[in-house]
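The values are calculated or read from the model by the stated rules, or taken from the named source; none is laboratory data. Note that the structure is predicted; figures quoted are calculated from it, not measured. Please note: Cβ atoms are built from the backbone with ideal geometry, for glycine as well, and neighbour counts cover all protein chains shown.
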Amino acid sequence: MLDSGLISFTFDDFFESAASSGAGILENYGKRGTFYISSSLLGNTLPGFSENIASAYTIETLHSRGHEIGFHTKNHVDLSKSSRLTIMKEMIQGNTIKKITGIKSTNFSYPYGRSYSRLDTFAKLLGYTTTRGVKTGLNNRSDRFSLCSIPIYGHSLDEKSIADLICKTVSDNMWLIFYTHDVINSHSRFGCNELQFNSVVKQAMSSKARILTIQEVVNLSKLPSNQ
Ligand SMILES: [Zn+2]
């Protein structure tokens, strides 16, 4: 099948509302998302957020429903300010996620979105297939490291801009990656409410783009070129 662009929905930090509302909305359309989590923060929270990060049970449930669990460092550290030793310690995944899902995460997002080619070098060494930051833009389908992304933030959501981005994704056969955090009425300034998230998914669904997890996009390149 020939594609007309790819769209991925991703969630950083993996708050409980991303699992309940974000995943639920995607599933209403028969789609799945990628949820990046810091492995030492399960069930905890982060400054500026009013709810907890997903528990092991939530992670297991979402994984079993076909969503992807990505990695986001062990302790949610800004790697751009870290020593080489800290970078390695934070990016080496350990077994926390594997014990829950049965597989290691192969896709990584940078806390605070700060990605540099130096960090991508570590990511490649450690076997990650992709890394994602928060630099705004569209990706080529073959891009894999320091992937650009577009926020779904309630305070700045502009449906016309999103419609234009989806249009360009389809016309130029690009890869558009959305990201957000909590999906709840009382969302942080890094999240949105259910109506806003649903409106973006609905716009994506009404386009000719395919909606895939990050790993599903990676898998496409392993298929014969006419797939
Ligand atoms: Zn984060």
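For residue 53, state whether it is among the hydrophobic types (A, V, I, L, M, F, W, C) and within 16 Å of the ligand (Cβ to nearest atom). Even if it seems obvious, please write down each step before you answer.
Values: among the hydrophobic types (A, V, I, L, M, F, W, C): yes; within 16 Å of the ligand (Cβ to nearest atom): yes.
Answer is yes for this residue.
Return yes when residue 15 is of a type outside the set (Asp, Glu), touching a residue at least 40 places away in the same chain (Cβ under 8 Å), crowded, with 21+ Cβ neighbours inside 10 Å and within 16 Å of the ligand (Cβ to nearest atom) and no when it is not. First the steps, then the outcome.
On the way: of a type outside the set (Asp, Glu): yes; touching a residue at least 40 places away in the same chain (Cβ under 8 Å): yes; crowded, with 21+ Cβ neighbours inside 10 Å: yes; within 16 Å of the ligand (Cβ to nearest atom): yes.
In short, yes.
Take the range 133-179 and flag every residue that is of a type in the set (Gly, Ala, Ser) and either more than 19 Å from residue 68 (Cα to Cα) or surrounded by fewer than 13 Cβ atoms within 10 Å (Cβ to Cβ) (or both). Give the steps one after another, and end with the answer.
Step one: of the range 133-179, the residues of a type in the set (Gly, Ala, Ser) are 133, 137, 142, 146, 149, 154, 156, 161, 163, 171.
Matches in the range 133-179: 137, 142, 154, 156, 161, 163, 171.
I'd like to know if the range 113-132 contains one or more residues that are modelled with pLDDT of 95 or more, surrounded by fewer than 18 Cβ atoms within 10 Å (Cβ to Cβ) and in contact with a Ser or Thr (Cβ under 8 Å, 6 or more places away or on another chain).
yes
Among residues belonging to the range 83-96 that are of a type in the set (A, V, I, L, M) and within 20 Å of residue 144 (Cβ to Cβ), point out the one that is surrounded by the fewest Cβ atoms within 10 Å (Cβ to Cβ).
Here the answer is 92.
Looking at 43, 30, 24, can you tell me which residue is away from the ligand (no atom under 13 Å from the Cβ), free of Cβ contacts under 8 Å to residues at least 24 places away in the same chain, under 17 Å from the mean Cα position of the chain (by Cα) and surrounded by fewer than 24 Cβ atoms within 10 Å (Cβ to Cβ)? Even if it seems obvious, please write down each step before you answer.
Numbers: 43 fails: under 17 Å from the mean Cα position of the chain (by Cα); 30 fails: under 17 Å from the mean Cα position of the chain (by Cα).
Answer to the selection: 24.
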